[in-house]
1. So in the range 1-124, what percent of DSSP beta bridges are antiparallel if you round to the nearest 5?
2. Suppose every K and R has +1 on its Cβ and every D and E has -1 on its Cβ; what is the size of the dipole of the range 46-135 about the Cα centre, in Debye to the nearest 20?
3. Is any residue of the range 54-93 close enough, with backbone N under 14 Å, to a label point placed 7 angstrom from the Cα of ILE114 along the Cα-Cβ axis, and if so, which?
4. Non-local amide H neighbours of TYR22 (under 5 Å, H modeled in plane, Pro and chain starts lacking H): which ones?
5. Kindly state, to the nearest 0.05, the FRET efficiency for LYS130 paired with GLU26, given R0 = 30 Å and r defined as their beta-carbon distance.
6. Heavy atoms only, probe 1.4 angstrom, no DNA, RNA or ligands counted: give me LYS104, LYS41 ranked by accessible area, highest first.
7. Per the helix-only calculation at 222 nm, which mean residue ellipticity applies to the chain, given -39500 (n - 2.57) for every DSSP H run of n ≥ 4 and division by its residues, nearest 500 deg cm²/dmol?
8. Skipping prolines and chain starts, which residues have an amide H placed within reach, meaning under 5 Å, of the one on ARG100, given they are 5 or more residues away or on another chain?
Amino acid sequence: MPEAPTPTFPQTGGCQCGAVRYELREAPFGVWACHCNICRKQSGSAFGLSMGVTIDGLVFTAGEPAVWTRETESGHQLDCLFCPGCGSRLIHRRHDHGGRQTLKPGTLDDTSWIAPGRHIFAEQALDWVKPILGE
Ligand SMILES: [Zn+2]
Ligand SMILES: [Zn+2]
């Protein structure tokens, strides 16, 4: 696979309708794909993609996300931030976040540099995805 380009910061992004906009001001600490059914449901796609970023490193520059909170399977309260207008999911943040959250990196304006460093719940990946994972 070709090497992903090195990004510079800040990077900008936002929801599908453009009402909620943000600036990512520092490099993420990881990108991973999750192949569990919950991430499929959330994303409406084959798997979920998450980018770990600090809460201080991401600033909303337009609009205000709405919040839906759910309990995770491990018993944590997870705030799910989304655009109230178009519904695009933007951020997941646990109540006991420790200064960290995950960004849905497909909402970045430039997605050319996004590549998952690891795959979790790979055993639940769709059959057509498994060869891509080398399973
Ligand atoms: Zn929107
Ligand atoms: Zn998942």
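The values are calculated or read from the model by the stated rules, or taken from the named source; none is laboratory data. Computed from a predicted model, the values in this text were never measured in an experiment. Positions of Cβ are backbone-derived with ideal geometry, glycine not excepted, and every protein chain shown enters the neighbour counts. Surface accessibility is based on the protein's heavy atoms, side chains included, excluding ligands, DNA and RNA. Shrake-Rupley method; radii C 1.70, N 1.55, O 1.52, S 1.80 Å.
1. Numbers: 31 of 34 bridges.
That works out to approximately 90 percent antiparallel.
2. Dipole size: approximately 40 debye.
3. Inside the label zone: 88-92.
4. GLY13, GLY14, THR61
5. 0.35
6. Sorted descending by solvent-accessible area, the residues read LYS41, LYS104.
7. -1500 deg cm²/dmol
8. The list, which skips near neighbours in sequence, is ILE55.
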